[in-house]
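The values are calculated or read from the model by the stated rules, or taken from the named source; none is laboratory data. This structure is a prediction, so every number in the text was calculated from the model and none was measured. When we count neighbours, we look across all protein chains shown, and the Cβ atoms used for this are built from the backbone with ideal geometry, even at glycine.
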């Protein structure tokens, strides 16, 4: 048997009896995939890990709390033998051979009639990798190949063309705070498959350079005090290209729904019947403070954090923020889009009871190579922004958590 390679095949186990002998770490790793396959799982083991026991308690498997007995493999289609008893494993695999049940042995692959491949999944595709040479089996090498293929499919660096017609539509993709490595794997895959990308300035711009030459990139940058593309024009561009049967990605910074006007775009698409997928992104409100060494919550310091838009001043009639109530909170206050309004914001918070010496950190261009952090207090932050020439985009963190991290610096006095 060792002279011939294993024959790869996909087993359809829905409703079919699968016997698992042993409730340890091997079973814990293999059972979720068998459950997902819809198998009727019969576990035989005197004990089990907490995770395996939870599967039994949830009714996902049937557990017989005893050792293997002759006849346990009757009517089985597939067996996983993974006990710590070599003699029992040998008897069970012999029974499997007599009953013509494909059998995996965790303790002796050479005595098994089946091998478990290293598997991974990506959008409806299962990648399964087996070593063809039985004598030179190297599970780590096999797993590394699996990981490389799956990662390539997920992040778009390994692109396989679709031979069936793709459904046109729009994906609102949250690109994260700026570092291209912080986009989700689903977002990156959709980006790699796009025909048209409408990108914000705060999206992960480095990813645009990886797009194939045929992809049309539309600049929807909303640069403060500079040129911008009106929201209505963005909506129209999304609709126009989707109606042409193209796959469109709206690449946004952070998360589409955190001050990203994503719902406005989704509503515009829904009104004309264009399907839309929303891919969440890592919000800068938590990722940028984290990148600067600031936890937005910390035991004994802050049990809450509040994210606020600072694009309009507290005394602006358009403001929807209850600044007096925010001043009374003891947790962390995170302000986005508030660099040019921070003086008025700090003044308002202090006027409503927030201590003037409350620590403040401003993190500019967070998660990028240009990231820098400037510390101040509510009393000094307006002057600090001017003297340090802090520019947007910058995330502002107000609260005692600013002083927690190992990289905390002394505030400007």
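So the values come out like this:
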{"item": "Members of segment 1-30 that are within 15 Å of residue 103 (Cα to Cα), surrounded by 13 or more Cβ atoms within 10 Å (Cβ to Cβ) and touching a helix residue (DSSP H, G or I) at 6+ places or on another chain (Cβ under 9 Å)", "result": "6, 13, 18, 19, 20, 21, 22, 27"}
{"item": "Residue, surrounded by the most Cβ atoms within 10 Å (Cβ to Cβ), within segment 89-109, restricted to residues that are without any contact (Cβ under 8 Å) to a residue 24 or more places away in the chain and closer than 16 Å to residue 17 by Cα", "result": "96"}
{"item": "Selection within segment 1-29 - in contact with a strand residue (DSSP E or B) (Cβ under 6 Å, 6 or more places away or on another chain) and assigned to a helix (DSSP H, G or I)", "result": "27"}
{"item": "Set 236, 287: member being under 27 Å from residue 391 (Cα atoms) and in a helix (DSSP H, G or I)", "result": "287"}
{"item": "Only listed residue being surrounded by fewer than 17 Cβ atoms within 10 Å (Cβ to Cβ), assigned to a loop (DSSP other than H, G, I, E, B) and assigned by TED's automatic domain parsing to the domain that holds residue 291, chosen from 330, 368", "result": "330"}
{"item": "Flag if residue 317 is surrounded by fewer than 16 Cβ atoms within 10 Å (Cβ to Cβ) and modelled with pLDDT of 95 or more", "result": "no"}
{"item": "Candidate set from segment 131-180 (those that are modelled with pLDDT of 80 or more and assigned to a loop (DSSP other than H, G, I, E, B)); member that is nearest to residue 277 (Cα to Cα)", "result": "175"}
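Listed here are the residues, each with its yes/no results for (1) free of Cβ contacts under 8 Å to residues at least 24 places away in the same chain; (2) under 20 Å from the mean Cα position of the chain (by Cα); (3) over 25 Å from residue 230 (Cα atoms).
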site	(1), (2), (3)
171	no, yes, no
188	no, yes, yes
192	no, yes, yes
197	no, no, no
200	no, no, no
203	no, yes, no
210	no, no, yes
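Conditions (1) surrounded by 12 or more Cβ atoms within 10 Å (Cβ to Cβ); (2) at pLDDT below 95; (3) in the same structural domain as residue 101 (by TED's automatic domain parsing), marked per residue:
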site: 42; (1), (2), (3): yes, no, yes
site: 51; (1), (2), (3): yes, yes, yes
site: 64; (1), (2), (3): yes, no, yes
site: 73; (1), (2), (3): yes, no, yes
site: 78; (1), (2), (3): yes, no, yes
site: 87; (1), (2), (3): no, no, yes
